[in-house]
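The values are calculated or read from the model by the stated rules, or taken from the named source; none is laboratory data. Quick caveat, the model's predicted, so the values are computed rather than measured. Here the Cβ positions follow ideal geometry from the backbone for every residue, glycine too, while neighbour counts run over all protein chains shown. These accessible areas exclude ligands, DNA and RNA; they are computed on the full protein's heavy atoms, side chains included. Shrake-Rupley method; radii C 1.70, N 1.55, O 1.52, S 1.80 Å.
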Amino acid sequence: MTQTLWLFGTRLTIVADHTTTGGQYDLIEGYFPPGTQTPLHRHTRYSEQLYVLEGEFTVWAGENKVVLKPGDSYLIPPTTPHVVATSSDQSARGLVVAAPSAFARVVETVGTVEETEPADMALYDRISAEVGDEILGPPGTLP
C-alpha cells in the first residue's frame with residue numbers, strides 16, 4: 001500500500017502502515033525541499049527513527065542537536081520535543097519509522113495530493129490529538 005501525499009511542504013510516501021505491519025510500525029519516505037522545518041512537536045505514544053538517504057537533516061531533540069548525513073540514523077524517543085529541518089540549501093530525503101504505527105494515519109488523513117493544497121488544520125488538530133501528537137511551538141521554535 002504505497003501512497004504519496006504532501007503535508008506542510010514535505011512529500012511523504014507511506015511505504016508500510018498498520019494494515020501491513022499489524023500496527024507495529026509505519027515506514028514513510030520523506031522528501032524535504034530546501035528550507036523545510038517541522039514545528040516544534042512531540043509524539044507521546046510512539047518513537048520516531050530517522051534514516052538519511054540523501055542530503056542532510058538537522059535534528060534538535062530535547063537538549064541534543066545533531067546533523068545527519070546519508071547513512072546516518074537517529075532515534076527520537078516518545079515524549080521528546082523535537083524539530084527536523086533540512087540543513088542546507090539542498091533538498092533531503094529520508095526514511096521515518098514510527099513505532100508503534102500512528103504517524104501514517106496523520107499523513108493519509110490530512111495529507112493532500114497537490115503540493116500547494118493547504119491542509120485542513122481542524123482535521124490535523126483532531127487526528128494529531130487522537131494519535132498523541134502535540135505541537136509545542138510555531139516553525140522556527142527550537143527545544
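A few notes on this one:
- Test: residue in the range 26-39 that is touching a His at 6+ places or on another chain (Cβ under 6 Å) and modelled with pLDDT of 95 or more: no
- One residue alone among Val67, Val97, Val52, Val59 is touching a residue at least 12 places away in the same chain (Cβ under 8 Å), under 11 Å from the mean Cα position of the chain (by Cα) and part of a strand (DSSP E or B), and that residue is Val97.
- Condition check for Leu142: more than 15 Å from Phe8 (Cβ to Cβ), assigned to a strand (DSSP E or B) and touching a strand residue (DSSP E or B) at 6+ places or on another chain (Cβ under 7 Å): no
- Of all residues in the range 117-139, those that are assigned to a helix (DSSP H, G or I), open to solvent by 80 Å² or more (accessible area, probe 1.4 Å) and of a type in the set (A, V, I, L, M) total 1.
- Criterion violated by Gly94 - all others in (1) at pLDDT below 95; (2) surrounded by 14 or more Cβ atoms within 10 Å (Cβ to Cβ) satisfied: (1)
- Checking Val110 against (1) open to solvent by less than 40 Å² (accessible area, probe 1.4 Å); (2) farther than 21 Å from Gly23 by Cα, the condition it does not meet: (2)
- Taking (1) under 21 Å from Ile135 (Cβ atoms); (2) buried (at least 20 other Cβ atoms within 10 Å of the Cβ); (3) touching a Phe, Trp or Tyr at 6+ places or on another chain (Cβ under 6 Å) in turn, His43 satisfies each apart from (3).
- Criterion (small (Gly, Ala, Ser) and either touching a Lys or Arg at 6+ places or on another chain (Cβ under 8 Å) or under 23 Å from Asp120 (Cβ atoms) (or both)) met by exactly one of Gly71, Gly30: Gly30
- All positions within the range 24-40 that are open to solvent by 50 Å² or more (accessible area, probe 1.4 Å) and more than 18 Å from Pro143 (Cβ to Cβ): Gln24, Tyr25, Glu29, Tyr31, Pro34, Gly35
- Evaluating Glu114 against the criteria (1) farther than 18 Å from Gln37 by Cα; (2) at pLDDT 95 or above; (3) in a loop (DSSP other than H, G, I, E, B) leaves one unmet condition, (2).
- The residues listed here are Thr4, Thr21; of these, the one that is modelled with pLDDT of 95 or more, open to solvent by 10 Å² or more (accessible area, probe 1.4 Å), within 14 Å of the chain's Cα centre (by Cα) and of a type in the set (S, T, N, Q) is Thr4.
- Condition check for Arg42: within 20 Å of Asp125 (Cβ to Cβ) and in a strand (DSSP E or B): yes
- Near pairs, Cβ below 8 angstrom, 6+ apart or cross-chain, from the range 106-125 (closer than 18 Å to Ile28 by Cα) to any residue that is in a helix (DSSP H, G or I) and among the hydroxyl-bearing types (Ser, Thr, Tyr): Val106/Tyr124; Val106/Ser128; Val110/Tyr124
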